[in-house]
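Where a number appears in this text, it was derived from the coordinates with a stated rule and is not lab data. Just so it is clear, the model here is predicted, and its values are computed rather than measured. Cβ: placed from backbone, ideal geometry, glycine included. Neighbour counts: every protein chain shown.
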Amino acid sequence: MNTERSAHASSGSAGSSKTSKKSLRDLLYVVFGHKRKVLIFMVLLFGSVVFTLLLRSPVYRSEAKLLVRLGRESVTLDPTATIGQVAHVNRTYDWEINSELEILKNREIAEQVVDEMGPNLFRRGVLRTVSDAGEDAIAARGLNGPLHVVRDIFSAAADAPERLTILLGLAQPLSEKEKAIRRVMQNLKVGTLQNTSVITLSYKGRDPYLAKAVLEKFIQEYLEKHISVYSTDNSQQFFERQASQLRAKLTGAEKELQEIKDTTGISSLEEQRSIMVNTIGGLERSIAETEAQLAAANAKVAGIQQILASVPETVVVEEVTGFSDYGADLMRDQLYRLRLAEKDLAAKYNPGTRQLEAVREQVNMGSALLEQEQSKPDRTEVKKGVNNTYQQMRVILLTEQSDAVALQSKLEKMQIQVAEATARLRTLNEVENKTSRVQREIALLVDNYGRYFEKSEEARIDNALKGEAISNIRVLQAATLPAAPDGRQEALYLALGLVIALGGGIGFAFFCEHLDHSLKTPEDVQDKLQLPTLASIPQSRLNAVRPVFKSNRWRMVTARTGQAAPVQWDIPVNVRRHYATLRDQLLLHANGSLRGHYVIGITSCSRQEGVSTVAANLASCLAEHGSGDVLLVDANAHHPSVHRIFRARLSPGLVDVLAATPDSGGNGAVVRRTTNLSVLTAGNSNGSSAKLFTAENLASFLQATKQDYHFTVVDMPALEEDSSMVRLAGSCDGVVLVVETERLRWEAVATAKQQLQRPNINILGVLLNKRRFPVPKWIYAAL
């Protein structure tokens, strides 16, 4: 065992709980761990491929080659596709080749081949050949032999899945013609040679003559299809009809142009437009000047009107002051009369009479009015005359107003003239547009007429070439008659079968690993059982893992004592280091000291997991350490093994000790095998071991052994064999659970763990026994 795997086992025995990362070693461990299953699976799968190929009918392949050269299909375009503007694209031979490949893959060609040759010729399971293959040719190829009959049966069986799906209603039945078309398309292979313009065709069939005939017919149908694809039916008649229509339209457009010129009477549109543009320009300049003069006249009129508003029409010529006031004199006279009347009435009437009061009121009012009139200044007489300045400004205003009216009339007239000139210019433009439109139409009709006439000629040439079956496809190699079956497919199928077998084998290994619930590594123990792994003992031969009897001759047992003299025992080299690791782990549980007295129980879930061998090697390892005496007790009364390992007598043993004096430590039955190692065999049970193995007897016995031995190793039976051994395990200071790798499901081991934990038994850990390292040393070391 190499260093890497030993280190891995040591780290597992130390109870490391680190989760191992998936690596290439882990993947190889899975594959090599199931190598027998993988090999059987691969052999069966690859063998089925080989067997299928042996039963498969031989395939004959007819081949042909076509040359795609520069011809009328590649240097010219379809006349109907080049009527309008053509975008010139740099086409390469790849475009041409790909187009031809798509034509060759057309289902219509395969259908025409089947129609020409008949669908019965392509039926599977029955030999169908053409007239070129006579009876002699059929006999020469062995087509009537027993192997051919078997192959026919195998070919017919290949249709069984299809018949089953039709029978179950999962698919619709196909007609014989449809099946034949699909077989033709399936058996035909089309390809190209790199960096060439050569197309390769091949057709495979059970009969070489049939393969050749089908390929020849296919090429014939393809050539006809190629010509029909690149030709356009009735193109010549179409172009001639279009050219005739364009000629009629051209004549009508020319007549319309002449009528426009005659109606308008315009000889030269350019000269007429130039005159009208100049006229409009002159008028617009005059209008601008007149508008400026009119604005100036209006401004002058407004100014004069503003001045006249502040100038009076008349002025004072003469002013005379000091005139008498006739009104005041008259009022003074009337007031005097009223006062006289007042005195006269006052003399006649008493005070307060109505007539007297009325006169007095009139006197008061007249006095007030007279005083108001007398308070006015002296009166003045004014004489006025006409203002000469006002009259002069008035004359100027009238003159400017008349000028403004004249300018306004002139401006309106010129605007009318501009509108008339603009209308005339618009008319010229309309005439020009009509003329230009008709001229463009004439030019377009002339161009189209020329092109349609040219395409009509090309279509005529194309029809002539089609009639002569002229094409750019040439048969470079006609369909060959295969002389021997094609072995390329068999090699391909074998390689594919080998790849599938390898991949399937690896996948099958991982599938088996997924279904396998056994314990293989310390990581599995830690993950599934939550127990440390004390050590991992590699798988080896039976006599290579037991203690080796190192003596030149066997010391015979004396007749008086029945015991052999002490001899030297040794641990096998290939497991010595692993048992040393187990010993060190157990010493840590024994308070870390070699001076303690400790009872260790060794048990397992089921029989034949190597419990006795582990117990014997552990006891030998502890004795070899030299720290004290070691006692190995065989507590498996039903299937004892220690007496065979150490070549001792079976009885007296543990059963006899428990039957006599359990607290004696078994001194009378113990056999000393080496200086520090003693062995207590199982003894003859005679069906009474269950009654003797009580908790009190076992506890008394094991307590007694601690007085004479530093370590007591108890070889216990499997838990599934004797459930009473749980009582014995409870009497031990610690129990080691031996698990054979890749044997039991981890669920069963977990159940055994629960049985031991119920009475609070101290489970020291798990010992992985017979651990396999399937990856070869040289591969494991190279990773």
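Worth pointing out:
- Extension gain for Leu39-Val198 works out to 52.6 nm (0.36 nm per residue, less the C-alpha to C-alpha distance).
- Taking 7 Å steps out from each Cα toward its Cβ at Ser244 and Leu223 produces label points 3.7 nm apart.
- Förster radius 45 Å - calculated FRET efficiency between Leu174 and Arg460 (Cβ-Cβ, nearest 0.05): 0.45
- The slack between Asn98 and Arg123, meaning 0.36 nm per residue of separation minus the straight C-alpha distance, is 5.9 nm.
- Cross-link pairs exceeding 18 Å in C-alpha to C-alpha distance, out of Lys179/Lys204; Lys35/Lys520; Lys105/Lys204; Lys177/Lys225; Lys520/Lys770; Lys37/Lys528, comprise Lys177/Lys225; Lys37/Lys528.
- Backbone amide hydrogens, once placed in the peptide plane, bring Val633 within less than 5 Å of Leu680, Val713, Val714, Asp715, excluding anything fewer than 5 places away on its chain.
- Pairwise FRET efficiency - Asp329 versus Gln392, Cβ, R0 = 60 Å, nearest 0.05: 0.85
- Under the simplified labelling scheme, the Leu496-Glu747 pair shows an inter-label distance of 4.1 nm, with each label point 7 Å from Cα along Cα→Cβ.
- Remark on Phe646: its backbone amide H falls under 5 Å from none of the residues 5 or more positions apart or on other chains, H modelled at 1.01 Å from N.
- As a proxy for reagent exposure, ranking Ser286, Ser274 by other Cβ atoms within 10 Å from fewest up yields Ser274, Ser286.
- What the Cβ-Cβ distance of Ala484 and Arg25 gives, at R0 = 51 Å and to the nearest 0.05, is a FRET efficiency of 0.55.
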